Amino acid sequence: MKKGTLKLALGLAAGLFTLAVLARQSGFVTLWEGLGASISTTVAEDVTPPNDACADAVALTVNTDACPDVVAAPTAGTTIDASNESARPIASCHFPGGVVTAQALDVWYTIPVTNGRVYTITVAGAANMDAVVSLYTGCGVATNIAGACADATAGGSTETIVYTATFTGTVWVRVYDWSTTVPIGGDFTIQASVAPLAPANDLCSGAVALGVGASVAGTNIASTADALFGPCGGYGGTSSSVFYTTSVTQTGNGENNVGFSTSFAGTDFDSQIGLFTGTCAAPVCVGGDDDSGNGLQSYIAQTTFATTNYIVAIRGFAGGQGCFTLSPIQLPSITNIAAGAAGVGCDVPTNTYSQNVVVTYTGAFAGSSLVVNGQTFALTGSPQTVTLTNVPANGLPTAVTASLTGGTLPAALVGTTES
C-alpha cells in the first residue's frame, strides 16, 4: 500500500465532518468526538523497506566454509510497501505472467565478489512471496547479468542463483514478488555464500615448509587428491590431502626423535597423518597414524639417524575435511656421545677407573634426568660432561648408552601415545 491521504467522512445531524489522516501512519487516531462520545481506530504503519532503492542496498555477509568458518544467519527481507524507483524492467528469467514492470516492487542487496570465485545466492520466500531474483553489476545497469537470474519455483519456495564471478568488485541482488495478488509484495529470507578455494598446499608440489618445534594452522577444506600418496600405515589414502615438509637434522652418532601431531584444540575433524620420504614424484612410505592422539586426532613419532627431509601429508578419515593444527614436536633425544678426558686413574683394588663422557642431547622434558650406563645425573645443559666411575680396567672397549628419563610431559603430548 502506498503512502497517501485517507479521507474519512462522518455524517452527523449537526453537519458533515471530514478528517484527513496520513494513510497507515502508526498510532491511535480519534476520528470524531463531541457531545460526550467519540469514534476511534488504530491505523497501521506504512514502512518502506530501507533497501527499497538500489542506492540503499543492504550489504550481505558472504558465508564460506573456511578456518574459521564465516556463518551468518539468513537475512530477513520484505518487498511489502516497496517501489520500483527506477522503473527497471522485469528480470530476464521472469516466468510469463505475473507482475509487469510498474508492479515489480523490488528491494536490493550487495555482495563483494572476486573474479573466478563461485557464489550461491538463495532466497526463501514465505507463503506470501513468489520470489524473482536477479544479479546486476550496478544500479545504472538496465538488464541483469546474463544467466544470473532465478524464477523457477512458486510462492513459498526457494530460488537459487549460482554465479561464477567474472570480475572483482560488487554485485547487486534484486528481489521482487512475481505474484499480482494484492497487496503486491511478500516476505523472504536471503543468504549468500562462496565456495572455498583449494589450499595452496593441496598438492605435494605446493608443500609448506614447517620446522621442528613450530606449529601451523591449516585446512584441507576443498582439497583434492594427490594420487601418488596412497595408504601408508594409519594414513588411509589420497583424498582430501594437504602437504608439508619438515627437515629433521641429525649429524651425530645418536638419534633425533620428533613427534608429528595434530592433537590440538585447533583440529576439528578426524585427522590422519602420513609420513613419507623421497620426492613428490616418488614418495616412500615411512609410516602413518589415525587415532594415536587425543580422541580422533593423530600422532606419530619418528626416530631419525641421519638428516632427513620428511613429506607430511594430512587428510581426513573417510575423506573428511576441516581445520587442524600441525606441529613437529621435538622429543627427548641423545644426538651424540663422545669420550672426554680420563678421570681418576686405575683403582688397583677394584681394577677400575673413571672416565668423562660428553653427551649431546635435545628435547629434554622439564625435570628429567640424564642416565649414562646406569648412572643418573642432573641435567646441566647440552653438551654435558659426566664422569663414569667403576669402569672396568680390562683393556676392552666400554659400550656407553645414554637416555633422558622422567620429567613432566609437555601439554602438547598429553593424550598421545607418549603419555
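The values are calculated or read from the model by the stated rules, or taken from the named source; none is laboratory data. Model, not experiment: these values are computed from the prediction. Quick reminder, even Gly has a Cβ in these numbers, built from the backbone with ideal geometry, and neighbours come from all protein chains shown.
Report, by residue number, each residue of the stretch 76-107 that is at pLDDT 95 or above and part of a strand (DSSP E or B).
A76, G77, T78, D106, V107
I want to confirm something. Restricting to the stretch 58-75 and keeping residues that are among the β-branched types (V, I, T) and in a strand (DSSP E or B), which single residue is modelled with the lowest pLDDT?
V70
With T110, T30 as the choices, which residue is modelled with pLDDT under 95, assigned to a strand (DSSP E or B) and of a type in the set (V, I, T)? Walk me through it before giving the result.
On the way: T110 fails: modelled with pLDDT under 95.
Every option except T30 fails the conditions.
When you go through A265, A313 one by one, which is the residue that is over 30 Å from V359 (Cα atoms), touching a Phe, Trp or Tyr at 6+ places or on another chain (Cβ under 6 Å), in contact (Cβ under 8 Å) with a residue 60 or more places away in the chain and hydrophobic (A, V, I, L, M, F, W, C)?
On the way: A265 fails: touching a Phe, Trp or Tyr at 6+ places or on another chain (Cβ under 6 Å).
Among A265, A313, only A313 is over 30 Å from V359 (Cα atoms), touching a Phe, Trp or Tyr at 6+ places or on another chain (Cβ under 6 Å), in contact (Cβ under 8 Å) with a residue 60 or more places away in the chain and hydrophobic (A, V, I, L, M, F, W, C).
Limited to the stretch 408-419, what total is found for residues that are of a type outside the set (V, I, T) and in contact (Cβ under 8 Å) with a residue 60 or more places away in the chain?
Within the stretch 408-419, the first condition is being of a type outside the set (V, I, T), and the residues that meet it are 409-413, 415, 418-419.
With the extra rule that they be in contact (Cβ under 8 Å) with a residue 60 or more places away in the chain, the set shrinks to 410, 412-413, 415, 418.
Number of matching residues: 5.
Does T277 count as surrounded by fewer than 21 Cβ atoms within 10 Å (Cβ to Cβ), without any contact (Cβ under 8 Å) to a residue 40 or more places away in the chain and under 32 Å from the mean Cα position of the chain (by Cα)?
Details: surrounded by fewer than 21 Cβ atoms within 10 Å (Cβ to Cβ): yes; without any contact (Cβ under 8 Å) to a residue 40 or more places away in the chain: yes; under 32 Å from the mean Cα position of the chain (by Cα): yes.
So T277 fits the description; yes.
When you check T189 against the structure, is it within 17 Å of P74 (Cβ to Cβ), out of contact with any helix residue (DSSP H, G or I) (no Cβ under 9 Å at 6 or more places or on another chain) and either without any contact (Cβ under 8 Å) to a residue 12 or more places away in the chain or not small (G, A, S) (or both), yes or no?
Details: within 17 Å of P74 (Cβ to Cβ): yes; out of contact with any helix residue (DSSP H, G or I) (no Cβ under 9 Å at 6 or more places or on another chain): yes; either without any contact (Cβ under 8 Å) to a residue 12 or more places away in the chain or not small (G, A, S) (or both): yes.
Criteria met by T189.
Right, V371: touching a residue at least 40 places away in the same chain (Cβ under 8 Å) and under 28 Å from V212 (Cβ atoms) or not?
Details: touching a residue at least 40 places away in the same chain (Cβ under 8 Å): no; under 28 Å from V212 (Cβ atoms): yes.
So V371 does not fit the description; no.
Would the stretch 187-196 turn up any residue that is farther than 30 Å from V123 by Cα and out of contact with any Asp or Glu (no Cβ under 8 Å at 6 or more places or on another chain)?
In the first step, residues of the stretch 187-196 are kept if they are farther than 30 Å from V123 by Cα; the result is none.
Among the residues of the stretch 187-196, not one is farther than 30 Å from V123 by Cα and out of contact with any Asp or Glu (no Cβ under 8 Å at 6 or more places or on another chain), which makes the answer no.
Check every one of the strands (runs of 3 or more DSSP E) wholly within the stretch 168-281 and list those with 2 or more residues that are of a type in the set (S, T, N, Q).
Working: elements: 169-177, 187-194, 216-219, 242-248, 256-261, 271-278.
It comes to 187-194, 242-248, 256-261, 271-278.
Out of A195, A207, report the one residue that is touching a residue at least 60 places away in the same chain (Cβ under 8 Å), in contact with a strand residue (DSSP E or B) (Cβ under 6 Å, 6 or more places away or on another chain), more than 28 Å from T79 (Cβ to Cβ) and surrounded by 15 or more Cβ atoms within 10 Å (Cβ to Cβ). Before you say what the answer is, go through the steps one by one.
Details: A195 fails: surrounded by 15 or more Cβ atoms within 10 Å (Cβ to Cβ).
On inspection, the qualifying residue turns out to be A207.
Between S157, S134, which is among the polar types (S, T, N, Q) and either touching a Pro at 6+ places or on another chain (Cβ under 7 Å) or crowded, with 21+ Cβ neighbours inside 10 Å (or both)?
On the way: S157 fails: either touching a Pro at 6+ places or on another chain (Cβ under 7 Å) or crowded, with 21+ Cβ neighbours inside 10 Å (or both).
Exactly one of S157, S134 is among the polar types (S, T, N, Q) and either touching a Pro at 6+ places or on another chain (Cβ under 7 Å) or crowded, with 21+ Cβ neighbours inside 10 Å (or both), namely S134.
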